[in-house]
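First the structure, in the form of structure tokens, and then the observations on it.
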């Protein structure tokens, strides 16, 4: 029974890691990637819709993002949404597509982005600890209901701590890699 709790903890923590990876993808580096603009929402048929659902997004080179909407009437809306985003870039509307030139990062921008990475890292670690806490509460409840033994309770606590430590190391490694990417000139 304890193994089921531990398996559930691993699954939830893996989901948290995936979420963290997606958050990191959206943080700008000096390199152009489609993930920088994919989540930007535009007004499409009176609903907020992510850009990735209404356009093909490619990177013809390391400094350019090319957005080709399937419906050309969205060009102005896409241009407005990108201009209003936190990316700090000016899109170019050529009548068929939107071109976004990704400028090199200033030292101040790099520092701010690294700070943002560290904030996301701490949020991810808190999420992992919350999962550990929730699962351990479930084990304690099962122990009170005599579904698991007191030894299983202590075993699960030790195993949960080991699992959290492994996932926290993965979060640290992902954050470190993103920081190095941001520092690249």
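The values are calculated or read from the model by the stated rules, or taken from the named source; none is laboratory data. Computed from a predicted model, the values in this text were never measured in an experiment. All Cβ positions, even for glycine, are placed from backbone atoms using ideal geometry, and neighbour counts span all protein chains on display.
Being outside the structural domain of residue 15 (by TED's automatic domain parsing) and assigned to a helix (DSSP H, G or I) is true for just one of 163, 82. Which residue is that? First the steps, then the outcome.
Details: 163 fails: outside the structural domain of residue 15 (by TED's automatic domain parsing).
Step by step, each of 163, 82 is checked, and only 82 is outside the structural domain of residue 15 (by TED's automatic domain parsing) and assigned to a helix (DSSP H, G or I).
Of these, 32, 55, 81, which one is in contact with a strand residue (DSSP E or B) (Cβ under 9 Å, 6 or more places away or on another chain) and touching a residue at least 60 places away in the same chain (Cβ under 8 Å)? Just one listed residue meets the conditions, 32. Of all the residues in the range 36-58, those that are over 19 Å from residue 72 (Cβ atoms) and surrounded by 17 or more Cβ atoms within 10 Å (Cβ to Cβ) number 2.
For (1) in contact with a strand residue (DSSP E or B) (Cβ under 6 Å, 6 or more places away or on another chain); (2) not in a helix (DSSP H, G or I), each residue gets a yes or a no:
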position: 65; (1), (2): yes, yes
position: 68; (1), (2): yes, yes
position: 76; (1), (2): no, no
position: 89; (1), (2): yes, yes
position: 96; (1), (2): no, yes
position: 99; (1), (2): yes, yes
position: 110; (1), (2): no, no
position: 133; (1), (2): no, no
position: 140; (1), (2): no, no
